[in-house]
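See below for the structure under consideration.
Derivation of every value follows stated rules applied to the coordinates shown; laboratory data play no part. Small disclaimer: the values here were computed from a predicted structure and weren't measured. Reconstructed Cβ throughout: ideal geometry from the backbone, glycine too, with neighbour counts over all protein chains shown.
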Amino acid sequence: MQMMDAGQKSLLRPDIQALRAIAILAVVICHMNPKWLLGGYLGVDMFFVISGFVITQSLLIQEKINVWKFWLQRFFRIVPAYIVMLGVIGIATSIVFTRENFTQFKTSWLEAILFFSNQYFSSYGDYFSPKMNLQPLLHTWSLAIEMQFYLLFPIIFMLSKRLNFVWFLLIVSVSGFVAAELIWRASNNSQSLYYSLFLRAPEFLLGCSLAIILNKYKFEWIKNNQIFFALTGFVLILYSISFINSDQFSPATAAIICLGVALVITAEIQSGWIFKLLGTPTVQLIGLMSFSIYLWHWPILAYGRYIYGNFDWTLDLIFGYAFFVAVAGYLSWMFIESKCRLNIKKTYLFNFIKITPVICLGISPIVFAQEINSKVPDLPIEYKRYADPETICHGKILPICDRGSKSSERRILLIGDSHAAQLNLAADTFGKELDIKVEVITASSCLPIIGFDLMQIPEYSRAQCLSQIKVIDPLIKKSKNIILAGMWSYQLQNPKNHKLIKNLLRYARNNKKNIWVLAQVPKMKSNPQRVAHVSHLGVRVPTQMDTDWHEANELMRKMSAQYSNVKFIDLSKDVFFNDLPFNSGDLIYHDEHHLNEIGSKRYGALLINEFKKYSIAK
């Protein structure tokens, strides 16, 4: 091993820019669709290792460590482009989001501007859950961790120098990986750890230790085996981003890609075919723009999902998305990120004056955003629910659970999950018209029938489900007419429910009871309230429809056909549903698969003609 001068090291290495390019492309592709690149999310871990290496090199070439200068370099490197992104997203979100959603967004915006968003999102939910896809600032969690590490790093670096032990940070890094893995395995709340600085610090420190060691020593045996080190590193990187899915994430699996990055950096390829491949202008440009691309790729994606729902990627959508991300990333990199970096030849006052307009541009929009969003028309309550929850027997029993003609001797029992609960006002409509009393008793996610598998539903719903079953069971025994409604696309996923429903239908046949099974109403991928919101802005987006409800309805149709006493009513092909989520210009759904009050009443009018066909016994 031979000593090396830190000044000989270049901070703009083509291989590092190539690693940045790989990392950002992996992240973007995975965020578009995780199935395309299972471990693409690990690109963030690549960035952490690279950042640790680069910032340590920047300190090593300084004769005297200036902590304030280090912090200011990081500030000017990250904050201007970051703040502008926050400002633009604040205004855009105030227009695109409903009032309720904007209120939630505003909290995340305030946390993001303080670089605390990792802590905010750690309590918000699973990073990989669908609801997180709609958070325009979710991606800021990694930048928050980065800034938090930068605050601590000068202290860590100076401690390392004082100890005068080159391998100190490497030992700390490896120990950190081991400790993080042990805590990850023992923890009942891995999601809070996922966003934590503690979990990611070993990745930064790996890059830091690498810079110190390679600055101190020149390993001839590494130089003689550059190709082997580089190829091994790339194999580990490609393996990680291709095969380590989100369910397999842990500090140990993240360490694989971190090791790959470390090997490529250690190899420091400066010639040959690998160098030429990594040094192509396109790869280098993507690497240079990687920070700005990261800033903009997620918000654009989140807006698309917010407006359109869980859409399927088509070729034109892929190219359109890539175009917008590339343009936004380029503009941010060229006119903000590059222009606002700390100029060490100028005074600090000059540098701060230079970026003041940019900072003001980023912070001020949240004030205007609140004003803009407050003027967005809010939907009346009847468009945002299927009934007043205080007036229906859903998960509870009230003194009266009757709908329709409450004095009628002709009576129907309507039971099921929330897809039955959404028919309370529908029961009022057809019940009053046909002089039928409809007793509606329901429970969330639950088919309130003896034998229902409580373990299939969330724990918070089980007690209510069980209590409703106890109430409904004797009512089933004495009722001559029963309506069964449910979210069949959900309920039929459990094979036990097939048997449960068949047992009910068989029991009804043997005891001469009439049963009407209602088909599930059409289910959308698009959120109707968001579709209605953007339609008020003059933009009518095509509604994305799901398909599982149709398949489930066919299963229920076949099941019902086996029993002569069972009638299957399917209105899903009626013109009523032709323009979802609207009917005659009015919003009729309150979420992707539930009618709202308006829709329930109109659906009840359709059921009038259906029940006119049958004789309802007393």
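If exposed GluC sites (Glu not before Pro) are those in a DSSP loop with at most 13 other Cβ within 10 Å, what is the longest stretch of the chain that has none? Answer - 64-408. Using Cα centres only, tell me the gap between the stretch 220-297 and the stretch 519-585 in whole Å. The distance from the Cα centre of the stretch 220-297 to that of the stretch 519-585 comes to 47 Å. Between Ile436 and Ser405, the built amide H atoms are under 5 Å apart, and every one of these is 5 or more places off in sequence or on another chain. Its alpha carbons considered, the stretch 482-567 gives a radius of gyration followed by a Dmax of 17.1, 56 Å.
Report the calculated FRET efficiency for Leu454 and Asn224 (r = Cβ-Cβ distance, R0 = 51 Å), to the nearest 0.05. Computed FRET efficiency for Leu454 and Asn224: 0.20. With θ taken as phi - 60° and the Karplus curve 6.51 cos²θ - 1.76 cosθ + 1.60 applied, the whole-hertz 3J(HN,Hα) list for the stretch 47-56 is 4, 5, 5, 4, 4, x, 5, 5, 5, 5 Hz, x standing for glycine and proline.
With neighbours defined as other Cβ atoms within 10 Å of a residue's Cβ, the residues Ile469, Ile372, Ile265, Ile400 order from fewest to most as Ile400, Ile372, Ile469, Ile265.
Rounded to the nearest Hz, the phi-derived 3J(HN,Hα) couplings of the stretch 369-375 under the Karplus curve 6.51 cos²θ - 1.76 cosθ + 1.60 (θ = phi - 60°) are 4, 4, 5, 4, 5, 5, 8, where x marks glycine and proline. Whole-Hz Karplus values for the stretch 85-97 come out as 4, 4, x, 5, 5, x, 5, 4, 5, 4, 8, 7, 8 Hz, taken residue by residue from phi with 6.51 cos²θ - 1.76 cosθ + 1.60 and θ = phi - 60°; glycine and proline positions read x.
Give me the base-10 log of I(q)/I(0) for the stretch 382-611 at each q in 0.09, 0.11, 0.12 Å⁻¹, Debye formula, one uniform scatterer per Cα, rounded to two decimals. Debye intensities relative to I(0), on a log10 scale: -0.35, -0.52, -0.62. About the centre of its Cα atoms, the chain shows a dipole size close to 560 debye [charges on the beta carbon of Lys, Arg (+1) and Asp, Glu (-1) only; nearest 20 debye]. Taken over the Cα atoms of the stretch 130-185, the convex hull encloses 98 Å³ per residue. In summary, the lysines within cross-link reach of Lys218, defined as a Cα separation below 26 angstrom excluding same-chain residues under 8 places away, comprise Lys9, Lys64, Lys161, Lys276. With respect to the chain, whose longest principal axis is taken over its alpha-carbon atoms, helix 548-560 is tilted by about 30°.
Divided by 2.2 N^0.38 Å, where N counts the residues, the Cα radius of gyration of the stretch 2-374 comes to 0.98.
Each of Ser560, Trp549, Tyr348 was placed along the dipole of the chain (beta-carbon charges, centred on the mean Cα), and the one lying farthest toward the positive end is Ser560. Per residue, the convex hull spanned by the Cα atoms of the stretch 387-441 measures out at 66 cubic angstrom. Shape class for the stretch 142-287: oblate, because the ratio a/c of the largest to smallest gyration tensor axis (alpha-carbon atoms, square roots of eigenvalues) is 1.5 or more and b/c is at least a/b. Fraction of C-alpha pairs exceeding 23 angstrom in the stretch 259-402: 67 percent, rounded to a whole number. Remark on Trp516: its backbone amide H falls under 5 Å from those of Ile482, Ile483, Leu484, Lys567, a criterion applied only to residues 5 or more positions apart or on other chains, H modelled at 1.01 Å from N. Structural descriptor for the chain: relative contact order 16 percent, calculated from alpha carbon pairs under 8 angstrom and at least 6 residues apart. Here the simple spin-label model places points 7 Å from the Cα toward Cβ, and for Arg506 and Thr314 these points are separated by 4.7 nm. Only aspartates and glutamates eight or more places from Lys496 in sequence, or on another chain, were considered; those with a Cα closer than 15 Å are Asp453.
Put a plus charge on the Cβ of each Lys and Arg, a minus charge on the Cβ of each Asp and Glu, and nothing anywhere else: the dipole of the stretch 497-618 about its Cα centre is then about 880 debye. When the listed pairs Lys480/Lys613; Lys437/Lys502; Lys406/Lys432 are checked against a 19 Å cut-off, the alpha-carbon distance exceeds it for Lys437/Lys502. Cys residues of the chain that find no other Cys beta carbon under 4.7 Å: Cys30, Cys208, Cys258, Cys340, Cys360. For the stretch 62-136, the list of trypsin sites (Lys or Arg not before Pro) that fall in a loop by DSSP and count at most 15 other C-beta atoms within 10 angstrom reads Lys64.
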